[in-house]
Amino acid sequence: MFWKKMFSDKPKVESKEEKQSFLQKLASGLEKTKSGFVAKVEEIMTGRKVDEELFEDLEEVLIQADCGVETTLFLVDQLREKARSEKITESTALKEILVDEIISLMDGNADTLKTPQDKPYVIMVVGVNGAGKTTTIGKLAHRFKQENAKVILGAGDTFRAGAIEQLAIWAERTGVELISHQEGSDPAAVAYDAVNAAKARGSDVLILDTAGRLQTKVNLMSELSKVHRVCVRELGRELDEVLLVVDATTGQNALSQGKLFQEAVPLTGIALTKLDGTAKGGIVLALANELKIPVKLVGVGEQYEDLQDFDPKLFATTLFGEGEYEE
């Protein structure tokens, strides 16, 4: 694990069984996308002549799968060029090239959670209400606790009714500390107290929740920017991660959310939740390619272990069933 040298002399090593369990859940989670998007790609690329009609059909399927217009046009242009340069005339040969292009596209913007350099390791979590921020924070807290890290959660979403109580439940479940104020308090004040509590108590990790009220765009941006500035000032350096939590089932709305939050804070990565609930897994491509923000974490279920590092090759090979995945 990426934080093992900092937080634990004897880190928990993921067993082969645990890895296999996640691979199975990923495959199951992508089943809706496979039965929709991938099945249509297979149909297009089986027994057809490579011509402009094929490329137009592929464009339509990719856009329907929420790959995004920009990303779709890029991928199809790449296939056109490969078909032309390699004189490919049968559609079946294009499928492997498409998978390679998808992996290449995601690899170009791929990254994992940053390696800790200083304590506390601070993660600010942003996203709209309902995207799964609190659950993601709880799963991350569990993950760090498994490595014997001392974790504090900051209840910075002081506006949504029940948000503080919900985070308190996760703190209790995972056995970590919670810094909170009363509902309606200034989120920047919570951030101030959380950072200083983490420093004073020698905590390894601080995960800060924030509000996600898209309906007041200007206020949201101003508030998030203020919270981020306070954290940076009190920490004395940039935050380690500013993660945007995105609900995969929202499709193209995820792109507009990303652009909005990117204006407010310097996003470092995306945690994509509820991938098992959508038939349009192409949003992964659009997020990576159009926002230029790496998808760092992906969630495919409700269990603690169902939030894992995102692996582009694993995603593509699981989705298209092209060969065996090797680390």
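Principal-axis analysis of the Cα atoms of the chain puts helix 52-64 at an angle of about 20° to the longest axis.
Once the Cα atoms are used to define both axes, helix 253-264 deviates from the longest principal axis of the chain by about 40 degrees. Counting neighbouring Cβ atoms within 10 Å and putting the fewest first, the residues Ser256, Ser185, Ser180 line up as Ser256, Ser185, Ser180. Seen through its C-alpha gyration tensor, with square-root eigenvalues sorted a ≥ b ≥ c, the range 29-107 comes out prolate because a/c lies at 1.5 or above while a/b is bigger than b/c.
Under 5 Å between amide hydrogens, built in the peptide plane, is the criterion, and for Ile270 it picks out Leu244, Val295, Lys296, Leu297 among residues at least 5 positions away or on other chains. For the range 121-312, the Kirkwood radius over C-alpha pairs fed into Stokes-Einstein at 37 °C and 0.692 mPa s yields D = 200 µm² per second. Suppose the Debye formula is applied to equal point scatterers at every Cα of the range 67-139; what is log10 I(q)/I(0) at q = 0.19, 0.28 Å⁻¹? These q points yield log10 I(q)/I(0) values of -0.88, -1.25.
Along the charge dipole of the chain, which of Gly202, Ala254, Gly282 sits closest to the positive end, that is, farthest toward it, with unit charges on the beta carbon of Lys, Arg, Asp and Glu (+1, +1, -1, -1)? Going by the Cα projections, it comes out as Gly202. Longer than 26 Å from Cα to Cα, which of Lys119/Lys259; Lys82/Lys259; Lys226/Lys313; Lys133/Lys296 are they? Say none if no pair is. Too far apart for the 26 Å limit: Lys119/Lys259; Lys82/Lys259; Lys226/Lys313.
Compute the relative contact order of the range 121-312 as a whole-number percentage, counting only Cα pairs closer than 8 Å that sit 6 or more residues apart in sequence.
25
Looking at the chain, the DSSP beta bridges with both ends there are about 15 percent antiparallel. Note on the chain: helix-only mean residue ellipticity at 222 nm, from DSSP H runs of 4+ residues weighted -39500 (n - 2.57) and normalised by residue number, equals -15000 deg cm²/dmol. The value of relative contact order for the chain, using C-alpha pairs under 8 Å at least six residues apart, is 26 percent.
To make sure I understand, if each residue's beta carbon is the centre and we count other beta carbons within 10 Å, what order do Arg143, Arg80, Arg229 fall in, fewest to most? Let's see the in-between values first.
Numbers: Arg143 22, Arg80 16, Arg229 13.
Least to most surrounded, the residues fall as Arg229, Arg80, Arg143.
About the centre of its Cα atoms, the range 29-107 shows a dipole size close to 220 debye [charges on the beta carbon of Lys, Arg (+1) and Asp, Glu (-1) only; nearest 20 debye].
What order do you get for Met106, Met221 when you list them from fewest to most C-beta neighbours inside 10 Å?
Met221, Met106
In plain terms, the C-alpha convex hull of the range 126-229 casts an average shadow of 6.0 nm² when viewed from every direction. Seen against the Cα atoms of the chain and their longest principal axis, helix 163-174 is set at about 90 degrees. Ellipsoid fit via the Cα gyration tensor, the chain: semi-axes of 39, 21, 16 Å, each the root of five times an eigenvalue, largest first.
Quick note: the coordinates plus some simple rules give every number you see, no bench work behind them. Keep in mind it's a predicted model, so treat the numbers as computed, not measured. Backbone-built Cβ (ideal geometry, glycine too); neighbour counts: all protein chains shown.
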